[in-house]
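No value in this document is a laboratory result; all are computed from the given coordinates. In this text, all values refer to a predicted model and were calculated from it rather than measured experimentally. Here the Cβ positions follow ideal geometry from the backbone for every residue, glycine too, while neighbour counts run over all protein chains shown.
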Ligand code: SF4
């Protein structure tokens, strides 16, 4: 089956499994979403949702965040991975937002903020501004390769491949659906290629052989 047929079939399965795609990170505006997405790097969304209520008690605006000491921010987010770096970036980003007029639907501006890369900017564009984007993290990168949708060596190239396969209007939901699918079906070990709703027909014989070793 070629990539385009495969992606069509995968899309149908994903639509059936995940007809709705609620945003996993709790937030109340573009700024709180941006902060939550930044915090989610190398941490689970669940952990971020546990930490942000307390953080936003003190820093629910860029001004309030900027008024906090880096040390205070670090203590508020200490349960999260890479807290010292993220705390420094949050303070710096808050100042940049104050100077720049807040969070805006502007790729270049968003990606110029401290601690904000293309993936974080893509999530904000997609989930707050509803602008088509396809944030690709290592999980989506891995699944795209396992499903034979991309042979790309890095997330940037995987993003380019996936964007070609699915209609622009579906990018925002596809990204979330693949994340939900990965969480439900792709544990670090013990996955079963023969029972999995997608790998059971996308996995190559070579891969089945390798995984059964
Ligand atoms: S078999 Fe299922 S669980 Fe394993 S990689 Fe494929 S999609 Fe993920």
Folded to 0 to 90 degrees: helix 155-165 orientation relative to the chain principal axis, Cα: 60
Residue order, fewest to most beta carbons within 10 Å, for 175, 191: 191, 175
Percent RCO, i.e. relative contact order, over the chain, from Cα pairs under 8 Å lying at least 6 residues apart: 20
Fewest-first sequence of 65, 125 by Cβ atoms within 10 Å of each Cβ: 125, 65
Residue 145/residue 169 FRET efficiency (R0 30 Å; Cβ-Cβ; nearest 0.05): 0.75
Hull-based mean projected area of region 8-142, where the convex hull spans the alpha carbons, in square nanometres: 8.4
Degrees between helix 45-58 axis and first principal axis of the chain (Cα, 0 to 90, nearest 10): 10
Cα-only radius of gyration and Dmax that characterise region 87-213, units Å: 17.5, 57
Residues residue 194 and residue 3, FRET efficiency given R0 of 25 Å [Cβ-Cβ distance, rounded to 0.05]: 0.65
In degrees, nearest ten, helix 171-185 long axis to first principal axis of the chain (Cα): 70
Mean projection area, nm², convex hull over Cα of region 72-126: 3.9
Region 1-69: proportion of alpha-carbon pairs further apart than 15 angstrom, %: 63
Simple label model, 7 Å out from Cα along Cβ direction - residue 70 to residue 105, nm: 3.5
Per-selection Kirkwood Rh - region 152-213 (Cα, Å, 1 d.p.): 13.4
